[in-house]
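The values are calculated or read from the model by the stated rules, or taken from the named source; none is laboratory data. Everything numeric here is computed off the predicted structure, so don't read it as measured data. Backbone-built Cβ (ideal geometry, glycine too); neighbour counts: all protein chains shown. Protein only, heavy atoms only, side chains kept; ligands, DNA and RNA dropped before computing areas. Shrake-Rupley method; radii C 1.70, N 1.55, O 1.52, S 1.80 Å.
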Amino acid sequence: MNKNKTAGRGIAACLFAYLLIQIYCLSAYIIPTAPGESWEKMASLFLVQSVFFAACILAVFVFDFLQRTKQNETSPFASLLLVSGEGKIKSEFVLHGKRSFIITGKKNGTEVFLEHAQNPEPGKFLYGFGNLTGGHWYLETVSSKTPAGLRRGDENVIYKLKEEIPYQLRQSDVIYIHTYKIVIRPYKEKLLP
């Protein structure tokens, strides 16, 4: 699909360049030297058509650029659910409109929090942080001494997260911090009571 988009953009760019050259030739050479009024009207019609088509192609490029920019800044997940060791949902952290989050907790490891701040509050320990880059969420842990893990999809293995290595999060991943787990909630999924 990406090859088709790239080929389409290339064809549109060539057509746009051709129309710009045609507009220049019509306005600089053909219309001023037209032998009669009928030839001048016909050349003017071609000029108007060329300008119209060039404007349409330019609008497609601008729309495509804005759409790709918006897509890269939009979270692929609706929220993160913080689930306690007893299996109760402690909180929901909505990701819509956010570009980062931090995972903090009490220094003794009894509680874990998801926050939209850059630095943890006094008395809290920073476990890790997440950043939205290019339409994907990445998770990094701050200290290898922290018990943090990641379970990928349906795998029964929990991988220990290494310090300062970004891990791309997928829809079916589960993050483990102490006795808590963070479940990724995709869009269009409703919470069960």
Fill in: Residue among Glu111, Glu140, Glu37 with the largest mean-square fluctuation in a Gaussian network model of the chain, springs linking Cα atoms under 10 Å
Glu37
Discussion item. Could you tell me the calculated FRET efficiency between Thr179 and Arg9, based on Cβ-Cβ distance and R0 = 41 angstrom, to the nearest 0.05?
Written reply: 0.25
Worksheet item: For region 1-42 and region 54-124, what is the separation of their Cα centres, given in Å?
Response: 45
Item to complete: Using 0.36 nm per residue of separation minus the Cα-Cα distance, give me the extension gain between Thr69 and Phe52 in nm, one decimal.
Response: 3.5 nm
Worksheet item: Looking only at Leu139, Leu114, Leu19, which one moves most when the chain is put into a Gaussian network model with springs between Cα atoms under 10 Å?
Response: Leu19
Worksheet item: Using a 1.4 Å probe, what is the accessible area per residue for the chain, in Å²?
Response: 66
Worksheet item: Taking only Cα atoms, what is the 0 to 90° angle, nearest 10, from helix 37-72's long axis to the longest principal axis of the chain?
Response: 0
Practice prompt. Could you pull the accessible area for Tyr127 with a 1.4 Å probe, rounded to 10 Å²?
Written response: 10
Worksheet, complete the sentence: If each K or R counts +1 and each D or E counts -1, the residues other than Ser84 whose Cβ falls under 10 Å of its Cβ total +1
Worksheet item: When only the heavy atoms of the protein chains count and the probe is 1.4 Å, how do Leu132, Leu15 rank by accessible area, highest first?
Response: Leu15, Leu132
Worksheet item: Which of the pairs Lys98/Lys124; Lys124/Lys181; Lys162/Lys188; Lys3/Lys188; Lys124/Lys188; Lys107/Lys188 have their Cα atoms more than 26 Å apart in this structure?
Response: Lys162/Lys188; Lys3/Lys188; Lys124/Lys188; Lys107/Lys188
Worksheet item: How many percent of the accessible area of the chain is carbon or sulfur, using a 1.4 Å probe?
Response: 61
Practice prompt. Any chance you could list the semi-axes, whole Å, largest first, of the equivalent ellipsoid that the Cα gyration tensor gives for the chain, using √(5λ)?
Written response: 58, 15, 14
Fill in: Computed helical MRE - 222 nm, the chain, DSSP H runs ≥ 4 contributing -39500 (n - 2.57), nearest 500
-11000 deg cm²/dmol
Worksheet entry | Using alpha-carbon coordinates, inclination of helix 2-25 to the longest axis of the chain, degrees | 30
Fill in: Lys188-Ala117 pseudo-label distance in nm [points 7 Å out on the Cα-to-Cβ vector]
3.7
